[in-house]
């Protein structure tokens, strides 16, 4: 089967609250929309996450045409950036560490087991599925901004004591 995947990422502040979205369309024109977010992230991380989450839903036997408005995502594959980064020990041309390496590794594994063709679409130019992804991603980012993640409450460890240390001396009774 051939799938068309449309992706987008959004960030309110960069870094800031972010959202990602993908629309997956099969050859019968059935579509599935997936989306999510992160309370503290970057736009590029959301762009990559959208592609990862969508490709995870596609069987390795299927063919994918992936449409993105992210040159960062597309050029990594079509201009050989990813291959160069791997050859250079995950360093850029100016010897800096490649950002988002964790996501690039996930994406690389998914791409290597599928037939994927990348297409760039101009963002905010009226392309139906790109606009839909943008709306979903922005909605998720707004939700992440308005509903910050729960604060982790530190766990208080009870002191470890021997049971006999907690008992009052023999012959005494303490009510307090």
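Just so it is clear, none of the values below were taken in a lab; they were calculated from the coordinates. Here the structure is a predicted model, which means the values were calculated and not measured. In this analysis, Cβ positions are derived from the backbone assuming ideal geometry, glycine residues included, and neighbour counts consider all displayed protein chains.
Key figures for this structure:
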read-out: Residue 52 vs. criteria out of contact with any strand residue (DSSP E or B) (no Cβ under 8 Å at 6 or more places or on another chain) and within 20 Å of residue 130 (Cα to Cα); value: yes
read-out: Any pair with Cβ under 6 angstrom, 6 or more apart, that starts in region 1-12 at a residue that is touching a residue at least 40 places away in the same chain (Cβ under 8 Å) and ends at one that is assigned to a strand (DSSP E or B) and surrounded by fewer than 19 Cβ atoms within 10 Å (Cβ to Cβ); value: 2/63; 4/25; 4/65
read-out: In region 45-70, residue nearest to residue 123 (Cα to Cα) [restricted to those that are surrounded by fewer than 17 Cβ atoms within 10 Å (Cβ to Cβ) and over 17 Å from the mean Cα position of the chain (by Cα)]; value: 65
read-out: Enumeration of residues in region 91-112 that are over 23 Å from residue 18 (Cβ atoms) and surrounded by 13 or more Cβ atoms within 10 Å (Cβ to Cβ); value: 91
read-out: Filtered residues of region 114-138 (kept if outside any strand (DSSP E or B) and closer than 18 Å to residue 64 by Cα); value: 114, 121, 129, 130, 133
read-out: Hits in region 78-113 - residues which are touching a helix residue (DSSP H, G or I) at 6+ places or on another chain (Cβ under 9 Å) and assigned to a strand (DSSP E or B); value: 91
read-out: Complete set of residues in region 13-24 that are in contact (Cβ under 8 Å) with a residue 12 or more places away in the chain and surrounded by fewer than 18 Cβ atoms within 10 Å (Cβ to Cβ); value: 14, 15, 16
read-out: Positions within region 130-144 being buried (at least 21 other Cβ atoms within 10 Å of the Cβ) and either without any contact (Cβ under 8 Å) to a residue 24 or more places away in the chain or farther than 19 Å from residue 39 by Cα (or both), in sequence order; value: 130
